[in-house]
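The values are calculated or read from the model by the stated rules, or taken from the named source; none is laboratory data. Computed from a prediction, not measured in an experiment: that's the story for all the values here. Positions of Cβ are generated from backbone atoms using ideal geometry, with glycine treated the same way; all protein chains shown enter the neighbour counts. Please note that ligands, DNA and RNA were not included when accessible areas were found on the heavy atoms of the full protein model with its side chains. Shrake-Rupley method; radii C 1.70, N 1.55, O 1.52, S 1.80 Å.
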Amino acid sequence: MTSSRKVRFGVVGAGLWGSFHCKTLSAIEGAELAAVCDLDPARVADMQKQFGAAKTYTDYRQLLADPDIDAVTVATPDFAHGDIVLAAIQAGKHVMSEKPLATTLAEVEAIAAAADKAGVKVMVDFHNRVNPAIAAARDAIAAGEIGMPLHASAKLSNTVFVPYDLLSWAGRSSALWFLGSHSLDALRFIMGAEVKRVQAMVRRGYLASNGVDTADVHLSILEFDNGAIAQMENSWVLPRDMPGVVDFRLEFIGEKGAIQTDTAQNSAFSKYTGSGRRAHDLLGVTPAAGGRIGGFVMEAIARFIDSVAHDAPLLADAQDGLRVTRVLTAIEEAAATGKIITLADGV
């Protein structure tokens with residue numbers, strides 16, 4: 001943007017993550033939270049009250065038709081990203097979407113093609129790319145500190161609180177899409193490599209028997225084009241009495257050493273108030289006074305503002321979203337058929 005005026009953003013989706021979008025857009029100098037949209041008028045009104053959006057909508061098409069909106073961020077449920085992102089591109093708006101970019105390969109291919117044709121910025125919010133532990137692991141591997149990575153593991157799982165209580169739409173997604181998109185991108189990002197072959201197994205039954213019709217866990221084996229193999233776990237059935245809702249750990253074994261990260265179950269803060277040990281997120285969302293943001297979750301959103309306002313590089317673009325979606329759909333195919341799926345040219 002060459003104009004000196006603030007870049008005007010609209011947010012589609014007024015849930016928890018939408019509130020992070022609104023908070024960041026209302027705090028960063030050079031950005032203006034111009035509009036908020038959600039199907040629920042009460043949630044829209046709440047976001048407007050908290051963050052001062054000038055306009056509100058309950059239909060994203062009306063927001064996209066607003067000539068005052070320069071860019072859009074999308075924080076709707078997993079299954080509802082694709083149509084909104086594609087419509088935003090077609091409306092000539094820059095757009096950032098929460099992961100996954102969409103939940104079908106056809107949708108993401110259409111989005112990537114439209115982004116190239118329209119010349120607008122399209123970012124996927126793979127916010128772990130600015131998670132301090134993930135960034136440190138990438139830097140160490142890029143510097144050759146452990147030599148060539150030989151094998152790796154990525155565990156990103158949730159307690160049953162997430163499918164039972166947090167996400168009313170859990171039955172229309174899965175731990176693979178909701179979490180695996182992050183853990184897969186973290187593996188790609190840290191190693192600077194792409195997946196070329198996939199094996200996988202899925203376990204179903206427990207969540208479905210309790211009213212949430214989705215998979216319990218996906219276990220995947222990934223072969224990367226740098227020669228490394230990785231195992232990936234994405235579960236929605238961890239017990240409620242885990243210290244935190246999220247368990248996110250990565251390990252990389254190389255020719256000369258190893259790297260381990262534990263971004264969730266750290267011991268810097270613990271509390272014991274009658275229900276066992278409880279931890280707290282000290283990295284993703286942190287305290288910040290007015291006019292500032294805190295934590296890597298907000299920082300990732302701020303990177304989109306930088307890209308639109310100052311032409312800074314995107315944190316992750318539509319091609320990253322496409323590559324991740326190709327692997328996730330390959331994992332689903334491998335789990336369903338029992339076959340080893342080979343991806344052309346490491347996706």
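Starting from 0.36 nm per residue, how many nanometres of slack lie between Ser270 and Leu219 once their C-alpha separation is accounted for?
Full-extension gain reported as 15.4 nm.
Place a point 7 Å from Cα of Asn210 in the direction of its Cβ. Which residues in the range 225-260 have their backbone N less than 20 Å from it?
Residues 233-248 fall inside that zone.
What are the trypsin sites (Lys or Arg not before Pro) within the range 1-61 that DSSP puts in a loop, where the Cβ has at most 14 other Cβ atoms within 10 Å?
Listed in order of number, the matching sites are Arg5.
Would you mind telling me the antiparallel percentage of the DSSP bridges in the chain, rounded to 5?
55
Compute the accessible area per residue over the chain, keeping the other protein chains in place, probe 1.4 Å, unit Å².
43
State the label only: which of (1) 53, 52, 41; (2) 61, 43, 40; (3) 62, 42, 37 corresponds to Cα extents along the principal axes in Å computed from the shown model?
(1)
By the scheme Lys and Arg +1, Asp and Glu -1, what is the net charge of all other residues having a beta-carbon under 10 Å from that of Thr325?
That sum, taken over residues with Cβ under 10 Å, equals 0.
Under a GNM of the chain (C-alpha, springs under 10 Å), which listed residue has the highest mean-square fluctuation: Gly291, Gly92, Gly244?
Gly291
Per DSSP helix of 4 or more residues, -39500 (n - 2.57); summed, then divided by the residues of the chain. What does that give at 222 nm, rounded to the nearest 500?
-10000 deg cm²/dmol
Considering only Cα-Cα distances, which of the following residue pairs are longer than 30 Å: Lys23/Lys271; Lys117/Lys196; Lys49/Lys155?
Pairs exceeding the cut-off: Lys49/Lys155.
Based on the alpha-carbon gyration tensor of the range 230-302 and its eigenvalue square roots a ≥ b ≥ c, which shape applies: rounded if a/c is under 1.5, prolate if not and a/b is larger than b/c, or oblate?
It is oblate, given that a/c is not under 1.5 and a/b is not larger than b/c.
Using label points projected 7 Å from each Cα along Cα→Cβ, tell me how many nm separate Glu29 and Glu109, to one decimal.
If labels sit at Glu29 and Glu109, their model points lie 4.6 nm apart.
Between Thr73 and residues 5 or more places away or on another chain, which pairs have amide H atoms under 5 Å apart, with H built 1.01 Å from N, and which residues are they?
Under 5 Å from the amide H of Thr73 lie the amide H atoms of Gly10, Val11, Val12, Met96, each far enough along the sequence or on another chain.
With a ≥ b ≥ c taken as the square roots of the eigenvalues of the C-alpha gyration tensor of the range 1-120, please select rounded if a/c is under 1.5 and otherwise prolate if a/b is larger than b/c or oblate if it is not?
Because a/c hits 1.5 or more and a/b fails to exceed b/c, the range 1-120 counts as oblate.
Quick one: dipole size for the range 61-180, taken about the Cα centre, charges +1 on Lys/Arg Cβ and -1 on Asp/Glu Cβ, in debye to the nearest 20.
180
Running a GNM on the chain with Cα contacts under 10 Å, which residue among Val237, Val297, Val124 ends up with the highest mean-square fluctuation?
Val237
What distance in nm lies between label points placed 7 Å from Cα along the C-beta direction at Ile253 and Met148?
Reported label-point gap for Ile253 and Met148 is 1.6 nm.
Using Stokes-Einstein with the Kirkwood hydrodynamic radius over Cα pairs, what translational diffusion coefficient do you get for the range 1-41 at 25 °C and a viscosity of 0.890 mPa s, in µm²/s rounded to a whole number?
229
For a quick check of your reading of the filter: which GluC sites (Glu not before Pro) in the range 227-302 sit in a DSSP loop and have no more than 11 other Cβ atoms within 10 Å?
Glu255
Mind putting a number on the dipole of the chain about its Cα centre? Charges go on the C-beta only, +1 for Lys and Arg and -1 for Asp and Glu, and I need it in Debye to the nearest 20.
With only Lys, Arg, Asp and Glu charged at Cβ, the dipole is about 480 debye.
Have a look at Met148, Ala80, Gly92 and report the one farthest towards the positive end of the charge dipole of the range 77-170, computed about the Cα centre with Cβ charges (Lys/Arg +1, Asp/Glu -1).
Met148
As I understand it, the dipole of the range 164-312 uses +1 on the Cβ of Lys and Arg and -1 on the Cβ of Asp and Glu, about the Cα centre. Which of Leu222, Ser168, Gly284 lies farthest toward its positive end?
Projecting each Cα onto the dipole axis, the largest value belongs to Ser168.
Please give me, ordered by residue number, the trypsin sites (Lys or Arg not before Pro) of the range 94-186 that lie in loop per DSSP and have at most 11 other Cβ atoms within 10 Å.
When the trypsin sites (Lys or Arg not before Pro) of the range 94-186 are filtered for loop state and at most 11 Cβ neighbours within 10 Å, nothing remains.
Select from the chain the helices, each a whole stretch of DSSP H, whose alpha-carbon atoms run 27 Å or more along the helix axis and whose Kyte-Doolittle mean is at least -0.5; answer none if there are none.
Qualifying helices: 318-337.
Of the listed peptides 226-232, 173-179, what is their order by residue-averaged count of other C-beta atoms within 10 Å, with the highest listed first?
My ranking of the peptides, most packed first, is 173-179, 226-232.
Karplus couplings for the range 251-264 from phi (6.51 cos²θ - 1.76 cosθ + 1.60, θ = phi - 60°), rounded to Hz, Gly and Pro as x?
Rounded to whole hertz, the list is 9, 10, 10, x, 5, 10, x, 9, 10, 10, 10, 9, 8, 10.
Give me the percent of the accessible area of the chain that comes from carbon and sulfur atoms, probe 1.4 Å, all protein chains in place.
Solvent-exposed carbon and sulfur of the chain make up 51 percent of the total.
Check which residues have an amide H placed less than 5 Å from Tyr57's amide H, if you skip close sequence neighbours.
Val36, Cys37, Asp38
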